1. Relative contact order for segment 66-115: what percent, with Cα pairs under 8 Å and sequence separation of 6 or more?
2. Go through segment 62-105 and name the chymotrypsin sites (Phe, Trp or Tyr not before Pro) that are in a DSSP coil and have 16 or fewer other Cβ atoms within 10 Å of their Cβ.
3. Taking the simple approach of a point 7 Å from Cα along Cα-to-Cβ for both GLU132 and LYS26, what is their distance in nm?
4. Please state the relative contact order of segment 148-214 as a whole percent: Cα pairs under 8 Å, 6+ residues apart?
5. How far apart, in nm, are two points set 7 Å out from the Cα along the Cα-to-Cβ line at GLU46 and at LYS214?
6. Helix-only mean residue ellipticity at 222 nm, the chain, DSSP H runs n ≥ 4 weighted -39,500 (n - 2.57), per residue, nearest 500. What is it?
7. Below 16 Å, Cα to Cα, which aspartates and glutamates can LYS142 reach? Residues fewer than 8 away in the same chain don't count.
8. Mind checking the full-extension length gain between SER85 and ARG139? Use 0.36 nm per residue of separation minus the Cα-Cα distance, one decimal, nm.
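Each value in this text was obtained by applying a stated rule to the coordinates, not by laboratory testing. Keep in mind that what you see is a predicted model, and the values were worked out from it rather than measured. As a convention, Cβ positions derive from the backbone with ideal geometry for all residues, glycine included, and neighbour counts pool all protein chains shown.
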Amino acid sequence: MTEQELKILAKNLANPEGEMGKQIAKMMNETNITMTRESIKALLLEDGNNVLEIGPGNAGHLSYLLDFAENITYTGLEISETMTSEAESIKSKYLSQANFQLYDGNKIPFDNESFDKVMTVNTIYFWENPVEFFNEIYRVLKKDGSFVLTFAKKDFMKNLPFTADFKLYNYEDVEELVAETNFKRMIRSDKEEWITSKTGTFVKREYKVLTIKK
């Protein structure tokens with residue numbers, strides 16, 4: 001890929017826009033599906049849970065999540081108008097359970113203690129103020145709730161040609177961030193998989209699934 005193509009790819013990974021954004025979102029859903037499913041499993045969903053996902057993309061995994069328990073309600077929060085529109089197109093199947101909403105990427109537009117579970121996959125690289133955003137998640141999470149944060153390791157991500165402007169993390173980096181927040185406990189799970197990367201090469205991706213508790 002040319003340098004310009006890599007810049008366009010990176011921009012659309014952060015905030016998918018237009019037809020190219022739709023194509024890249026479809027690719028993201030496919031390449032990240034294992035990470036997403038492991039995150040959903042880590043939520044330990046129960047009947048009646050109210051779930052928030054930050055950065056759901058086109059929400060192609062929604063049916064998988066909703067099948068984990070009865071009467072789950074789900075909210076997907078996105079900075080991308082394109083992704084919100086794409087996700088809305090599948091909402092008709094889950095009218096009573098799913099909702100999608102735009103936000104500014106910083107302030108979560110919900111009341112304190114609104115959600116039993118919060119999850120996000122591969123979005124931490126784009127958070128403008130990580131400590132503040134962790135505390136926003138803490139604020140909207142119920143007292144006994146949990147937040148599942150999943151991300152690919154810095155040691156893997158730094159070798160990809162489109163991540164020059166991403167903020168990359170290893171576990172120790174996130175551990176230091178969380179120590180500055182209101183969160184108190186964190187459970188770490190190390191994962192790896194072989195995938196075809198967004199530039200078409202076959203690579204081993206190592207990633208972390210963190211369950212963070214109040």
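1. Value for segment 66-115: 41 percent.
2. Counting only loop positions with at most 16 other Cβ atoms within 10 Å, the chymotrypsin sites (Phe, Trp or Tyr not before Pro) in segment 62-105 are PHE68, TYR103.
3. 3.7 nm
4. RCO, segment 148-214: 43 percent.
5. Going from the GLU46 label point to the LYS214 one covers 1.4 nm.
6. The helix-only estimate for the chain comes to -10500 deg cm²/dmol at 222 nm.
7. GLU46, ASP47, GLU53, ASP111, GLU113, ASP116
8. Computed gain between SER85 and ARG139 is 16.7 nm.
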